[in-house]
Amino acid sequence: MNTKKIVRAAVIAGLYIVITYLLAPISFGPLQFRASEALTVLPIIYPEAIPGLFIGVLFANIFGGLGLIDIVGGSLVTLIAAYFTYRYRDNIFAYLSPILFNGFLISIYLHLLFGIPYWITVIQISLSEALVVFLLGYPLIKYLKFHLNN
């Protein structure tokens with residue numbers, strides 16, 4: 001990676017952390033609306049967003065209060081989802097990757113930590129993720145693509 005890409009990855013990580021903490025009351029727990037997840041679609045345009053998102057989630061979850069399982073688990077799920085977002089950047093699966101991976105995998109430990117039935121957690125996390133991805137992330141990608149080409 002060149003310097004510009006390293007800086008972009010760092011900015012993405014920093015934005016993820018800041019947005020998560022500015023909205024901390026709704027960013028953590030089994031019922032969450034993490035607006036910073038809008039950034040999870042950035043690998044569609046920027047491959048360097050993959051490590052940026054991983055680092056951003058890692059640091060955001062360090063202070064999230066759910067412990068090592070969320071720090072490691074959340075970061076790894078984000079890494080996997082970001083890779084698939086990049087890999088399938090030319091079709092709808094790019095947008096579905098963070099929704100599906102977070103919905104089905106993060107819910108495994110959230111349901112155990114909070115005692116909420118797994119499928120309820122899957123629905124809540126997936127719905128929240130879908131809202132963020134399609135209401136914030138999709139317009140972000142459209143905006144960036146437009147301005148990158150003009």
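Things to note:
- Residue count for region 1-37, restricted to those that are more than 14 Å from the chain's Cα centre (by Cα) and not in a helix (DSSP H, G or I): 6
- Some residue of region 6-13 being of a type outside the set (G, A, S) and surrounded by 20 or more Cβ atoms within 10 Å (Cβ to Cβ): yes
- Evaluated against (1) part of a helix (DSSP H, G or I); (2) surrounded by fewer than 17 Cβ atoms within 10 Å (Cβ to Cβ), D90 falls short on exactly one condition, (1).
One line per residue, one yes/no per condition, for (1) touching a residue at least 40 places away in the same chain (Cβ under 8 Å); (2) aliphatic (A, V, I, L, M):
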position: L100; (1), (2): no, yes
position: Y109; (1), (2): yes, no
position: P117; (1), (2): no, no
position: Q124; (1), (2): yes, no
position: L131; (1), (2): yes, yes
position: F134; (1), (2): no, no
position: G137; (1), (2): yes, no
position: F146; (1), (2): no, no
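- Restricting L42, L58, L22 to residues that are in contact with a helix residue (DSSP H, G or I) (Cβ under 8 Å, 6 or more places away or on another chain) and either in contact (Cβ under 8 Å) with a residue 40 or more places away in the chain or surrounded by fewer than 16 Cβ atoms within 10 Å (Cβ to Cβ) (or both) narrows the list to L42.
- When F146, F134 are checked against the criterion of being at pLDDT below 95, assigned to a helix (DSSP H, G or I) and either of a type in the set (F, W, Y) or at positive phi (or both), F146 stands alone in meeting it.
- Filter pass, Y118 being of a type outside the set (D, E) and touching a His at 6+ places or on another chain (Cβ under 7 Å): yes
- Conditions (1) touching a Phe, Trp or Tyr at 6+ places or on another chain (Cβ under 8 Å); (2) of a type outside the set (G, A, S); (3) over 19 Å from P30 (Cα atoms); number of the one not met by F101: (3)
The values are calculated or read from the model by the stated rules, or taken from the named source; none is laboratory data. Since we're looking at a predicted model, the values are computed, not measured. Cβ coordinates were reconstructed from backbone atoms using ideal geometry, including for glycine residues, and neighbour counts include every protein chain displayed.
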